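Read the structure below first, then the notes.
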Amino acid sequence: MVALTTRTQYIMARVKNSWMARFKKEAVILLIILGTIMVTRLPRLYGPIDITWDGGVYYILGTSLAEGKGYRLLNEPGEIEAIQYPPLLPLIVAAHQCLLGTNNLLVVGPWLRIFYFFLSICLIIAVYLLARLYLQPEFALLAALMCALYFYIYYWADTLYTEIPFCLTTVLFVLCNRRWDRTPYGIAACVLAMASYLLRTSGIALLIAWVAESLLRGRYRQALIRTGAALVPVILWQGHIAQVQNSQQYKHPAYAYQRAPYQYTNVTYPENMSLIDPFKPELGHADKIRMLQRVARNLMAMPQTLGEPVSAPTNFWQAQLEAVLSLFGSKWEVPQWLVTIPITLIGCLVIGGIVLLWVRHEWFIPLYVISSVLVTCMSPWPEQLSRYITPLNPFLSLSLLYLLAKISEWRIRQVLGRYRKVSLTLTVMLLAIIFLSQGLTLTQSYIRGNRQVTYYDMNGNEVKSPLLFFDYRWEPVNTALEWLRRHCEPGQVIAATNPHVAYLRTGLKAVLLPLEADNERAQQLLDSVPVRYVVLDTLEKPGISERYAAPTIEKHPQLWKLIYLAPNGGARIYERVHQRLEQGRHD
């Protein structure tokens with residue numbers, strides 16, 4: 001009896017020591033993860049979140065919801081109903097505005113930035129927990145760090161885009177979906193699946209993979225339940241779109257080109273993407289052959305595209321290699337194909353990990369990655385593929401580390417020492433290259449990419465805050481918009497490359513410059529609004545000012561008067577001659 005008690009105590013002590021050792025290891029890993037997030041995020045955790053481009057649209061829609069006006073683009077004449085972006089992120093913006101009691105960007109923007117900071121913490125921890133389902137703690141830590149140190153993960157954490165919240169909901173979804181047989185987790189999985197779609201339309205890929213997984217496993221009743229849950233957000237959002245498109249406001253817009261296919265925020269994704277190039281609408285619509293060519297072109301680029309999220313964007317690789325060569329006195333400009341090769345090889349290893357997961361019947365992640373890739377390949381913007389793939393980073397990192405972990409297990413079983421040494425050396429070299437590129441990218445981001453952005457309070461006082469790789473060509477535009485806010489007549493309309501930012505900075509209704517190659521037609525479209533002020537910029541991408549607006553203004557000098565010129569020529573404001581504007585209205 002005494003011997004049995006002693007043995008029991010011995011076993012319990014061993015279990016306790018094992019549990020304590022595991023707890024200490026997990027605690028150390030958690031501290032490493034939190035420390036990495038703090039180092040990469042805290043130095044720039046002040047000032048408003050970036051609302052350039054899509055961020056401005058989300059903020060305006062959130063303001064509309066907070067003010068009880070519905071889901072409307074307040075910058076547009078007539079405050080038209082929005083049909084492109086699903087409403088969950090605007091609802092988050094609206095919640096912040098309601099809690100703070102204001103829609104002032106200088107008040108709400110910093111809190112949104114802090115909110116995204118906490119989302120980043122939750123995301124990286126969730127990635128680690130996801131990786132632990134498949135990997136040992138050391139490999140799971142590498143997967144979490146690979147995600148935390150990827151450029152676009154910490155870049156989008158400062159921007160009011162859906163990338164970070166969408167990435168978080170998908171990772172949490174997979175965690176809950178693994179325990180689908182338990183009711184609380186099953187309900188949570190349904191909610192997270194719906195939330196993913198209501199954050200981004202591309203969340204349809206997750207819903208497809210969710211249902212397909214059940215079908216592959218022969219669980220047809222489960223597939224039926226999942227199909228019903230998946231259809232709820234799709235029907236609600238698509239029903240809203242159908243209702244708006246059948247409304248009189250949609251059929252009779254406030255101005256001639258308000259619902260033109262190139263109006264990237266005023267029409268649906270399918271309509272905008274039906275153009276060969278949405279920023280060059282004169283090229284026309286893409287037929288079936290062109291659509292297939294688009295998908296094929298993007299598919300061919302996918303191995304490289306899948307290699308970037310687990311390392312660094314191509315342009316950073318190129319800059320880093322040139323910097324290394326400069327240490328040896330070389331001024332050779334590195335060709336892009338030279339850095340494409342290692343990134344593509346890494347992408348192939350990621351694909352290998354996805355295949356291995358599939359072979360081992362871990363079907364959901366491969367299904368989700370494949371569905372997302374196919375949806376992304378329909379994009380007419382090949383230069384933005386890296387952005388669209390960013391939310392897949394946790395699953396791509398997991399796939400790569402899963403492959404490396406299985407190689408490690410294979411290495412241990414090898415009798416011949418040379419196989420062990422070669423595989424170990426290659427694995428260490430690969431990880432060293434990946435984390436070196438990510439570390440250098442992070443360093444470069446803070447040394448060269450940390451830029452100050454100027455805002456203005458209601459009294460016109462300057463307020464500056466940092467943003468990573470904010471296009472410096474926006475600064476003269478911001479100054480011009482502030483000048484316009486102080487000097488413009490109330491109730492007038494602005495035409496600009498980014499009308500949403502123009503509205504948020506001036507309070508005036510703002511529309512997109514007409515993307516019309518025919519200058520006479522473009523002038524007629526401006527008159528149909530009617531536009532009082534045109535803001536020209538030198539942003540180059542997407543080049544709307546340079547390619548369309550500037551030639552139109554130059555061809556009609558009698559109709560437009562230059563009233564503001566930025567010191568460096570980075571922005572110009574033209575005012576419509578009042579008498580001719582009134583005449584145009586009567587005509």
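Taking a ≥ b ≥ c as the square roots of the eigenvalues of the Cα gyration tensor of segment 471-586, is the shape rounded (a/c under 1.5), prolate (a/b larger than b/c) or oblate?
Working: a/c = 1.61, a/b = 1.22, b/c = 1.32.
Judged from the Cα gyration tensor, segment 471-586 comes out oblate (a/c at least 1.5, b/c at or above a/b).
What value, in deg cm²/dmol to 500, does the helix sum -39500 (n - 2.57) over DSSP H runs of n ≥ 4 give at 222 nm once divided by the residues of the chain?
Rounded to the nearest 500, it is -20000 deg cm²/dmol.
Got a sec to turn the phi values of segment 183-200 into Karplus ³J(HN,Hα) couplings, 6.51 cos²θ - 1.76 cosθ + 1.60 with θ = phi - 60°, whole Hz, x for Gly and Pro?
3, x, 5, x, 5, 4, 4, 4, 5, 5, 5, 5, 4, 4, 5, 6, 8, 9
Tally the DSSP beta bridges in the chain and give the antiparallel ones as a percent, rounded to 5.
75
Where both residues lie in segment 471-586, what percent of DSSP beta bridges are antiparallel, nearest 5?
Roughly 60 percent of the DSSP beta bridges within segment 471-586 come out antiparallel.
Based only on other Cβ atoms within 10 Å, what is the fewest-to-most ordering of H500, H96?
H96, H500
Return the distance in nm (one decimal) between the two label points of a simple spin-label model at I32 and V234, each offset 7 Å from Cα along Cα→Cβ.
Between I32 and V234, the label points sit 4.1 nm apart.
Cross-link list K251/K555; K25/K406; K331/K464: which exceed 24 angstrom alpha carbon to alpha carbon?
Beyond 24 Å: K251/K555; K331/K464.
Lys and Arg at +1, Asp and Glu at -1: add these up for the other residues within a Cβ distance under 10 Å of L536 and post the number. Write out the running numbers ahead of the final one.
Working: positive: R572; negative: D537, E546.
Summing Lys/Arg as +1 and Asp/Glu as -1 gives -1.
Give the long-range amide H neighbours of A571: residues separated by 5 or more places, or on another chain, with amide H under 5 Å away, using H modelled in the peptide plane at 1.01 Å from N.
Result for A571 returns A566.
Applying the Karplus parametrisation 6.51 cos²θ - 1.76 cosθ + 1.60 with θ = phi - 60° to the phi angles of segment 58-65, what ³J(HN,Hα) value in whole Hz is obtained for each residue in order, glycine and proline being reported as x?
Listing the rounded values in order: 4, 5, 5, 5, x, 4, 4, 5 Hz.
Want the number for K541 to R182: 0.36 nm per residue separation, take away the alpha-carbon distance, what's left?
Fully extending the segment from K541 to R182 adds 124.3 nm.
Any read-out appearing in this document is the output of simple, stated calculations on the displayed coordinates, not a laboratory observation. Model, not experiment: these values are computed from the prediction. Glycine also receives a Cβ, built like all others from the backbone with ideal geometry; neighbour counts cover every protein chain displayed.
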